[in-house]
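Structure record follows, encoded as structure tokens.
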Amino acid sequence: MMRESTLMWIQYITGLGILVLGALHFASLTFLAPGGYPGALEYTTVFSRYTDPLWAAALEAFLALLSYHVFNGFRIMLLELNQGSGWSKAVNATMFLAALVVFLYGTRTIITFYLGGVV
Amino acid sequence: MATSEQKPLEFKIPNLEGVEKPIKNVVFRVSRFDPDKDSKPYYKDYEVPVYRFTTVLDGLIYIKYNLDPTLAVRYSCRMGVCGSCAMVVNGRERLACKTNVLSLNSSIVTVRPLNNLPLIRDIVTDLRPFLEKHRKVMPYIIRDDIEAHQDREFLQSPAELDEYMMLTDCIKCGLCYSACPTTATDELFLGPQALAQAYRYTVDTRDAGAKQRFEVVDSPHGVWRCHFAGACSAACPKGVDPAFAIQQLKKLILYRRGAMEKRKPAPESDKVREGISVEEVVKNIPKEWPSPPAPK
């Protein structure tokens, strides 16, 4: 297990990263979308983002940052809500697994779209 | 010597309103709890005459001596130094001896025990969990050569002292611990007082215990659980700012951990420091302290 300060350092860095990549993500769905906002959420427009390697990489990075930040945040809240070594171990393991599942599932979606396939 | 030519001393008669006679009666709504009889705490009202300088502690002592001797209240110095009379007065953490009843501007004074601590009786709480956390952060100078230099001080400049001076005013009353919202939910959280003292001793240049202290505070229920609500600093009756110290401690761990852990502590007083040796200081000390001037 990493030191708490290392976990928190990553938490702060991922928070900043989410701010930047989140802004980029929303911009890509609005005024940066090809053809402007009205058609930004149409299937072909969104699909074109996923097939672009740079946008796909940005989405993957955004997903990684979110998976860590969200589930480490939940871990912190749950550790403050209740105490005990059994509880701590259960919370740490559950949050780690949940983050991994969300990250892998999201990655699968991004890769599927990137390769041109539709689920 | 007074002579007949000297003018008699003039005394200004102070305003005695509210000093000789009470200004008004105030209801003290006091939390009562006897572990042998009661299943949970309840409030009981007492009418207390209030003078201009009556404090909440004076009111409680009045109740104990005149109205209800079974009331348990902990106090000692009555002057805001010992921290024994820490309690929650009208919803805020305060020292009862430093709280003037009239300043509360209320006809009802509600008094209840500190939050986040086990209740012993009435408004007396068990401070042991709080003091155990204080002990946990090793609130003393740690260094290898401390035993060998019991008879001399370790040198420190005024600027180095300024780094932690404000935090030495802590009287361990527990008000910050009671006000802390994190302590309310996380009973293992070290709390503002202990964390502030961890910072106070870590930045002390005479100390070399950063490594041991970081092991304690850099933990799942340590310094990172502080959300910077600032309630601790607002509650402190001595002007200590634990919230600030905790943020500084976080900064120290994130940016200067390695340097702090390897830091050599300040030398003992016979080593040269900042170009001045103790021999030189001692040489300039007068052999005999000058006598006070003789009275004319």
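Where in chain B is the longest stretch that carries no chymotrypsin sites (Phe, Trp or Tyr not before Pro) classed as loop by DSSP and with at most 14 other Cβ atoms within 10 Å?
Here the longest segment lacking exposed loop sites spans B:141-227.
State, as an integer percentage, the relative contact order of region A:4-114 based on alpha-carbon contacts under 8 Å between residues 6 or more apart.
Normalised by residue count, the contact order of region A:4-114 is 30 percent.
Can you give the helix-only mean residue ellipticity at 222 nm for chain B, where every DSSP H stretch with n ≥ 4 adds -39500 (n - 2.57) and the sum goes over all residues, rounded to the nearest 500 deg cm²/dmol? Write down the numbers at each step before the final one.
Numbers: 11 runs with 81 residues, N = 296.
Mean residue ellipticity, 222 nm, calculated: -7000 deg cm²/dmol.
Just subtract the alpha-carbon distance of A:LEU24 and A:GLN83 from 0.36 nm times their residue separation and send over the number in nm, one decimal.
On the way: separation 59, 0.36 × 59 = 21.24 nm, distance 3.85 nm.
Value of the extension gain: 17.4 nm.
Can you pick out the pairs among A:LYS89/B:LYS40; B:LYS64/B:LYS172; B:LYS24/B:LYS133; A:LYS89/B:LYS37; B:LYS21/B:LYS64; B:LYS24/B:LYS172 whose Cα atoms lie more than 32 Å from each other? Walk me through the numbers on the way to the answer.
Working: A:LYS89/B:LYS40 34 Å; B:LYS64/B:LYS172 25 Å; B:LYS24/B:LYS133 43 Å; A:LYS89/B:LYS37 40 Å; B:LYS21/B:LYS64 20 Å; B:LYS24/B:LYS172 34 Å.
The pairs that break the limit, which is 32 Å between Cα atoms, are A:LYS89/B:LYS40; B:LYS24/B:LYS133; A:LYS89/B:LYS37; B:LYS24/B:LYS172.
Would you mind finding the longest exposed-site-free stretch of chain B, with exposed GluC sites (Glu not before Pro) meaning DSSP loop and at most 10 other Cβ atoms within 10 Å?
B:21-273
Buried accessible area between B and A (1.4 Å probe, both chains summed, ligands and nucleic acids excluded), in Å² to the nearest 100?
Its buried surface, counting both partners, is about 1300 Å².
Need one number: nm distance between label points at A:THR109 and B:ARG263, each 7 Å from Cα along Cα→Cβ, rounded to one decimal.
4.8 nm
Go through region B:162-201 and flag every residue whose accessible area shrinks by 40 Å² or more with all protein chains in place compared to the isolated chain (probe 1.4 Å).
B:THR185
So for chain B, averaging the separation of alpha carbon pairs under 8 Å that are six or more residues apart and normalising by length, what relative contact order in percent results?
Reported as a whole number, the value is 15 percent.
How much length, in nm to one decimal, is gained on full extension between B:LYS251 and B:GLU47, taken as 0.36 nm per residue of separation minus their Cα-Cα distance? Write out the running numbers ahead of the final one.
Numbers: separation 204, 0.36 × 204 = 73.44 nm, distance 5.04 nm.
My answer for the length gained is 68.4 nm.
Count the DSSP beta bridges whose two residues both fall in chain B, then state the antiparallel fraction as a percent rounded to the nearest 5.
85 percent
Relative to the longest principal axis of chain A, what angle (0 to 90°, nearest 10) does the C-alpha long axis of helix A:53-81 take?
With both axes taken from Cα atoms, the answer is about 30 degrees.
First check a/c for region B:167-214, with a ≥ b ≥ c the square roots of the eigenvalues of its C-alpha gyration tensor; if it is under 1.5, answer rounded, and if not, answer prolate when a/b is larger than b/c or oblate otherwise.
In terms of gyration-tensor shape, oblate.
Quick one: if you stick a label point 7 Å off each Cα along the C-beta vector at B:GLN212 and B:ALA148, how many nm between them?
For the pair B:GLN212/B:ALA148, the computed spacing is 1.7 nm.
Quick one: which bits of region B:219-251 get at least 40 Å² less accessible when the partner protein chains are in, versus the chain alone, with a 1.4 Å probe?
B:HIS221, B:TRP224, B:ARG225
With every protein chain present, what is the per residue accessible area of chain B (1.4 Å probe, Å²)?
Accessible area per residue: 57 Å².
Just the isolated ones, please: cysteines in chain B lacking another cysteine beta carbon under 4.7 angstrom.
Cysteines of chain B left without a disulfide-compatible partner: B:CYS85, B:CYS97, B:CYS170, B:CYS173, B:CYS180, B:CYS226, B:CYS236.
Is region B:46-112 best put as rounded, prolate or oblate by its Cα gyration tensor, with a ≥ b ≥ c the root eigenvalues, rounded for a/c under 1.5, and otherwise prolate when a/b is larger than b/c, oblate when not?
Numbers: a/c = 1.37, a/b = 1.04, b/c = 1.32.
Because its axes are fairly even, with a/c under 1.5, region B:46-112 counts as rounded.
Apply 1/(1 + (r/R0)^6) to the Cβ-Cβ distance of A:SER48 and A:VAL102, taking R0 = 30 Å, and write down the FRET efficiency to the nearest 0.05. Present the calculation step by step, with values, prior to reporting the outcome.
Details: r = 25 Å, r/R0 = 0.83.
Efficiency for this residue pair is about 0.75.
With just the Cα atoms defining each centre, how far is region B:1-78 from region B:185-228? Give it in Å.
39 Å
Determine, from the Cβ-Cβ distance of B:CYS77 and B:LYS21 and an R0 of 30 Å, the FRET efficiency 1/(1 + (r/R0)^6), rounded to the nearest 0.05. Don't skip to the answer; put the middle values down first.
Values: r = 28 Å, r/R0 = 0.92.
The formula returns an efficiency of 0.60 here.
Which shape class applies to region A:4-114: rounded if a/c is under 1.5, otherwise prolate when a/b exceeds b/c and oblate if not, where a ≥ b ≥ c are the square roots of the Cα gyration tensor eigenvalues?
It is prolate, given that a/c is not under 1.5 and a/b is the larger ratio.
Pop out the carbon and sulfur fraction of the accessible area of region B:24-125 as a percent, whole number, probe 1.4 Å.
The nonpolar share, carbon plus sulfur, comes to 49 percent.
The values are calculated or read from the model by the stated rules, or taken from the named source; none is laboratory data. Since the structure is predicted, the reported quantities are computational estimates derived from the model, not experimental observations. When we count neighbours, we look across all protein chains shown, and the Cβ atoms used for this are built from the backbone with ideal geometry, even at glycine. Calculation scope for accessible area: heavy atoms of the full protein, side chains included, ligands and nucleic acids excluded. Shrake-Rupley method; radii C 1.70, N 1.55, O 1.52, S 1.80 Å.
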